[in-house]
Amino acid sequence: MVLNMRSLTADDATTVSRIRDAAVLLFGRSGYDATSVRAIAAEAKVSAGLVIHHFGTKEALRLACDEHIVAEVMSPGGADASGTTGAPETTLADGVQRWIDNLDVHRPALDYLARMLTDRPSLADGLFDALVDRTEAMIAEGAAAGVMHRGSDPRMTAVIVAAQGLMPLLLERHIGRAIGEAGLSVAAIRRMTLPSVELYTHGLYATTALLDATRAGLASGEGTHS
């Protein structure tokens with residue numbers, strides 16, 4: 001069942017959005033199997049019958065939640081009338097960062113996305129692939145604009161950047177523990193932000209010694225296997 005929001009009245013569209021948001025909250029917090037239609041209805045302050053009336057089944061409601069979350073994270077900077085996003089620095093990971101920057105509002109979406117990545121392999125595959133593709137395009141645009149380096153392997157660079165963008169969601173508990181916070185608290189996010197930007201801007205090593213040695217080692221290995 002595909003729900004066409006444009007065909008709904010304003011009141012129905014508001015109700016549908018409220019039900020979907022309640023489902024995102026509860027699916028993300030407790031998981032799909034542990035969340036009942038009745039619990040979603042109670043959170044949305046509607047009847048269970050109205051949930052079924054609008055979505056048909058619990059699985060159809062989950063698909064609507066999936067579509068909503070993916071649409072949000074796939075358009076982190078918003079799109080203009082032509083459908084293109086703005087600055088070349090925009091990536092899908094920026095969508096996650098935007099949510100993290102306003103944690104109180106977007107906590108349900110972050111929890112839901114984390115469960116998508118860990119509990120829904122087939123959906124996570126498509127989402128991660130899209131993240132890598134868009135990140136690779138961003139790096140190419142940034143390099144053309146003179147604000148980024150393409151690196152020796154742009155595709156692998158995109159994979160690394162994409163993975164690092166999602167890392168806080170997947171390692172939230174451990175990140176919090178390491179700095180004495182309860183997961184991705186506002187304090188943890190503020191503390192993480194500047195060091196992250198410093199790493200991307202200045203790198204970690206103060207000399208090229210390790211880079212030079214790595215290049216030499218890889219070149220030597222290629223000669224051995226030829």
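If Ser7 passes every condition in (1) farther than 22 Å from Asp125 by Cβ; (2) modelled with pLDDT of 90 or more but one, which one does it miss?
Going through the list (1) farther than 22 Å from Asp125 by Cβ; (2) modelled with pLDDT of 90 or more, Ser7 breaks only (2).
Let me spell it out: the conditions are (1) modelled with pLDDT of 90 or more; (2) touching a Phe, Trp or Tyr at 6+ places or on another chain (Cβ under 9 Å); (3) buried (at least 17 other Cβ atoms within 10 Å of the Cβ), and Ile69 meets all of them except one. Which number is the exception?
(1)
Six or more apart or on different chains, Cβ under 8 Å: which pairs go from a residue in the stretch 41-66 that's among the aromatic types (Phe, Trp, Tyr) to one that's in a loop (DSSP other than H, G, I, E, B)? Could you list them?
Listed pairs, sorted by first residue: Phe55/Met1; Phe55/Leu3.
Would you list the helices (runs of 4 or more DSSP H) that sit entirely within the stretch 121-226 and hold 1 or more residues that are under 18 Å from Val73 (Cα atoms) and in contact with a Lys or Arg (Cβ under 8 Å, 6 or more places away or on another chain)?
Ranges flagged: 121-144.
So Glu198 ticks every box in (1) modelled with pLDDT under 90; (2) among the charged types (D, E, K, R); (3) within 26 Å of the chain's Cα centre (by Cα) but one. Which box is left unticked?
In the conditions (1) modelled with pLDDT under 90; (2) among the charged types (D, E, K, R); (3) within 26 Å of the chain's Cα centre (by Cα), Glu198 misses (1) alone.
On the given criteria, is Val46 of a type outside the set (D, E, K, R) and either at pLDDT 90 or above or exposed (fewer than 15 other Cβ atoms within 10 Å of the Cβ) (or both)?
Answer is yes for this residue.
Restrict the check to the stretch 144-155 and report whether at least one residue is at pLDDT 90 or above and within 16 Å of the chain's Cα centre (by Cα).
No, the stretch 144-155 contains no residue that is at pLDDT 90 or above and within 16 Å of the chain's Cα centre (by Cα).
Could you figure out which of (1) more than 15 Å from the chain's Cα centre (by Cα); (2) surrounded by 13 or more Cβ atoms within 10 Å (Cβ to Cβ); (3) in contact (Cβ under 8 Å) with a residue 24 or more places away in the chain isn't true of Leu117?
Just one mismatch for Leu117, condition (1).
Table: residues versus (1) aromatic (Phe, Trp, Tyr); (2) surrounded by fewer than 17 Cβ atoms within 10 Å (Cβ to Cβ); (3) farther than 24 Å from Ala182 by Cβ; (4) at pLDDT 95 or above.
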site	(1), (2), (3), (4)
Arg20	no, no, yes, yes
Ser30	no, yes, no, no
Arg38	no, yes, yes, yes
Val51	no, no, yes, yes
Leu61	no, no, yes, yes
Thr90	no, no, yes, no
Ala93	no, no, no, no
Ile100	no, no, no, no
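The values are calculated or read from the model by the stated rules, or taken from the named source; none is laboratory data. Nothing here was measured: the structure is a model prediction, and the numbers come from that model. When we count neighbours, we look across all protein chains shown, and the Cβ atoms used for this are built from the backbone with ideal geometry, even at glycine.
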